[in-house]
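Single-structure report; data block below.
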Amino acid sequence: MVKGSVLHIGHSPDPDDAFMFFGIATGAVSLPGWEVRHVLADIETLNEWAFRGTLEVTAISAAVYPWVAETYRLLRVGASVGRRYGPKLLARTPSSPDDLRGRRIAVPGRYTTAFLLLRLYLPDCRPVPMAFDRIPTAVARGEVDAGLVIHEAQLTYPAWGLYEIADLGRWWAETTGLPIPLGVDVVRRDLGEAVAVAVADLLRRSILYAQAHADEALAYALRFGRGLDVETGRSFIRMYVNDDTLDLGPDGERALQTLYTMAHERGIVPTVPVLDGVGG
């Protein structure tokens, strides 16, 4: 394994990612011979960078992988997987999904898995991309007809007086019988097999360290929680840092293949990539 280099690891400034990377961020776990530098950016920025292969290791939306599979290899560790829960479609008043056909729906970026699910669920809407943390306010103010929320807004949306129209993770489970991998971590292929295996092990050790030091890791993660209280933050982290995070497993890989196949059949993604994952 080549040593003595800098390894840039990109992830979102969100509680679940912060929790996962707690061990690395505090220096409790490390990759000997490498200097690890964290690069924090919103998920849509990380998605765009992945198209250019900017970072050696990065979190991306699962929806992006078909475009970047030639550059990056999937890590089986570090995924954010929902089991009967996921991005939520919200509106100011109770209504049905049919009421939103042809209407303006705020989405957290064109390359997010949330938007891919929306295209499968409600293909004839009018998407309005915007920063994920602006969406609840935009819906509450009537700037858009509805909004698709990710991250902690899946739990905190009642504070804006909004109503759930659909949970796309639940819809996905009812449609396919599978969990929904929303975010995944990837490692650049040009680093080689040994480095890929070492990176997967590093991330796994970081997650295990956070779970073993849950209170300290939670306190660290809440710095990125945009006002989340402790118990809501704990609930959100448990939603997306779990057994699936330590190992995507056969269910997770089958879910990705199903997602990409469905999206490819509808002309949304260019190909169904081979999932030659590493780690887990």
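Every number in this text was worked out from the coordinates using simple rules, so none of it is lab data. None of these values were measured; they are calculated from a predicted model. Here the Cβ positions follow ideal geometry from the backbone for every residue, glycine too, while neighbour counts run over all protein chains shown.
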* Relative to the first principal axis of the alpha-carbon coordinates of the chain, what is the inclination of helix 193-212, with its axis defined by its Cα atoms, in degrees from 0 to 90 and to the nearest 10? -> 70
* Structure fact -> If R0 = 30 Å, then ARG223 and ARG110, at their Cβ-Cβ distance, give a FRET efficiency to the nearest 0.05 of 0.55
* Quickly work out the THR176-to-ASP251 label distance, labels modelled 7 Å from Cα along the C-beta direction, and quote it in nm with one decimal. => 1.3
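Quick one: net charge around LEU162, please, counting Lys, Arg +1 and Asp, Glu -1 for every other residue with C-beta under 10 Å from its C-beta. All intermediate terms of the calculation are to be shown ahead of the outcome.
Numbers: positive: LYS88, ARG92; negative: GLU164.
It works out to a net charge of +1.
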* To do: Average the reciprocal distances over every distinct pair of alpha-carbons in segment 163-207, invert the result, and give the Kirkwood radius in Å.
  => 13.4
* In percent, how large is the relative contact order of segment 121-169, given Cα pairs closer than 8 Å and 6 or more residues apart? -> 34
* To do: Round to a whole angstrom and tell me the spacing of the C-alpha centers of segment 43-65 and segment 157-230.
  => 15
* Asked: Which angle between 0 and 90 degrees, to the nearest 10, do you get for helix 230-240 versus the longest principal axis of the chain when only C-alpha atoms count?
  -> 80
* Find how much the distance from VAL39 to ASP124 grows on full extension, using 0.36 nm per residue of separation minus their present alpha carbon separation; answer in nm with one decimal. => 27.0 nm
* Structure fact -> For the pair SER5 and ARG103, the simple spin-label estimate (label points 7 Å beyond Cα toward Cβ) gives in nm 5.0
* Asked: By how many degrees, between 0 and 90 and to the nearest 10, does the Cα long axis of helix 249-265 differ from the longest principal axis of the chain?
  -> 50
* Structure fact -> In deg cm²/dmol, rounded to the nearest 500, the helical mean residue ellipticity at 222 nm of the chain, built from -39500 (n - 2.57) for every DSSP H run of length 4 or more, is -11000 deg cm²/dmol
* Structure fact -> GNM on the chain, Cα springs under 10 Å; top mean-square fluctuation among ALA114, ALA50, ALA25 goes to ALA25
* Asked: Under a 5 Å amide H to amide H cut-off, with H placed in plane at 1.01 Å, what residues pair with ARG84 once short-range neighbours are removed?
  -> ALA173, ILE180
* Kindly give the semi-axes, whole Å and largest first, of the ellipsoid equivalent to segment 1-152, taking each as the square root of 5 times a Cα gyration tensor eigenvalue. => 34, 16, 13
* Antiparallel %, DSSP beta bridges [both residues in the chain], to 5 -> 55
* Using only alpha carbons, build the gyration tensor for the chain and give me the equivalent ellipsoid semi-axes, biggest first, whole Å. => 30, 22, 16
